[in-house]
Amino acid sequence: MTRTRSSSPDAVHAQLSGLRRGKDALDQLSRPGPLTALRGDLGMVGIPGVLFAPEEGLGLPAVAFAHDWLQPADRYADLLRHLATWGIVAAAPGSHRGALPSHAGLAADLRTTLDVCAGVRLGDGRISVDARRTAFAGHGIGGGVAILAAAGHSRVRAVVSIAAAQTRPSALDAARTVTVPTLHIAAGNDTVSPARGHAEPVAMAAGGPVVLRTLKKATHTGFLDGIHWSDLLLAGSPDAKTRRLTRGLVTAFLLRELCDETGDPLDEVVDGKVAGTEVVARG
């Protein structure tokens, strides 16, 4: 692993404990956290992809992230690295990137990625993951895949979808069996997988607590980083404001659900009013 940005994981709790308002918490959580982030390669376990983790820490939470159609895992490095600075191991498999990917295959690789993170010591043995504090997440098709992966998974504690798209097998059907808390982030200007036909019905079918929040000005590709040839096929473009807001929302949700960091500031970020967004569903 190579270094990208130290202190112990206790620094995360210390930094959050001083926050009193949701607006302050969102601003803080949109910025890098207090921990040094390391980058690794999933190829060592036979799956292409990237891995980000804090420099050290035992019993850490982890999230496995699924990419959108055609997208390389590196386009999510901004979010994954950010989560690592807040004490969350974040990994993204880079498999099934063809024009006709297997959604079930990617869901299986997502489960394997999480199992690997929880089953081996990382970072020269100084990093370990608590299998009881794990989540699935994804963007676009990967958002639907995250729900497929969570269906029937006995230990996962949370799910995040970003501009989710329907999948085969059906993410809508899978959502009915997912009873853990789920955060859906939708894009108000999404012409690739509009929320009304994708994220909204999936959220309404949720078998557990759910929040569906729409970023009013975001596009489907606003959540991506960098440039890729697939941008010619998809409407919109990467957007720094969209990514910054998404970092704050996802970090708040995962810290609350995986790390038991409870309290009004985080609850306000996850469930309450956030400028430029609208909570469409909460339950």
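Considering every Cα-Cα pair within the stretch 140-267, what fraction, in whole percent, is farther apart than 19 Å?
The answer is 47 percent, as a whole percent.
Once you have the Kirkwood Rh of the stretch 40-197 from its Cα pairs, apply Stokes-Einstein at 25 °C and 0.890 mPa s and quote D in µm²/s.
My calculation gives 161 µm²/s for D.
Taking θ as phi - 60°, what are the ³J(HN,Hα) couplings along the stretch 108-117 by the Karplus curve (6.51, -1.76, 1.60), each to the nearest whole Hz, with x for Gly and Pro?
5, 5, 5, 4, 4, 4, 5, 5, 5, 4
Counting Lys +1, Arg +1, Asp -1, Glu -1, what net charge surrounds R155 among other residues with beta carbon under 15 Å of its beta carbon?
Residues close to R155 contribute a combined charge of +1.
Quick check for you: with a 1.4 Å probe and neighbouring chains kept, what is the accessible area per residue of the chain, in Å²?
41 Å²
Treat the stretch 93-158 as a sphere of radius equal to its Kirkwood radius over Cα pairs and apply Stokes-Einstein at 20 °C in a medium of 1.002 mPa s; give the translational diffusion coefficient in µm²/s, rounded to a whole number. Before the final figure, lay out each step's value.
Details: Rh = 12.5 Å.
D, rounded to a whole number, is 171 µm²/s.
Where the eigenvalues come from the Cα gyration tensor of the stretch 194-275, what are the semi-axes √(5λ) of the equivalent ellipsoid, largest first, in whole Å?
26, 17, 11
Ignoring ligands, DNA and RNA, what percent of the 1.4 Å accessible area of the stretch 63-124 is carbon and sulfur?
54 percent
Give me the tail of P(r) for the stretch 9-116 as a percent: Cα-Cα pairs with distance above 26 Å.
When all Cα pairs of the stretch 9-116 are counted, 25 percent exceed 26 Å.
Restricting things to alpha carbons, tell me how big the stretch 140-191 is in terms of Rg and Dmax, in Å.
Rg, Dmax (Cα atoms, Å): 10.6, 35.
Using unit Cβ charges (K, R positive; D, E negative) and no other charged atoms, how large, in debye to the nearest 20, is the dipole of the stretch 175-275 about its Cα centre? Spell out each step's value before the answer.
Details: 11 positive and 12 negative charges, 71 e Å.
For this selection, approximately 340 debye.
Heavy atoms only, probe 1.4 Å: what % of the accessible area of the stretch 149-283 goes to carbon and sulfur, would you let me know?
52 percent
The values are calculated or read from the model by the stated rules, or taken from the named source; none is laboratory data. From a predicted model like this one, the values you see are computed outputs, not experimental measurements. Positions of Cβ are backbone-derived with ideal geometry, glycine not excepted, and every protein chain shown enters the neighbour counts. When the accessible area is computed, the model is the full protein with side chains, heavy atoms only, and any ligands, DNA or RNA have been set aside. Shrake-Rupley method; radii C 1.70, N 1.55, O 1.52, S 1.80 Å.
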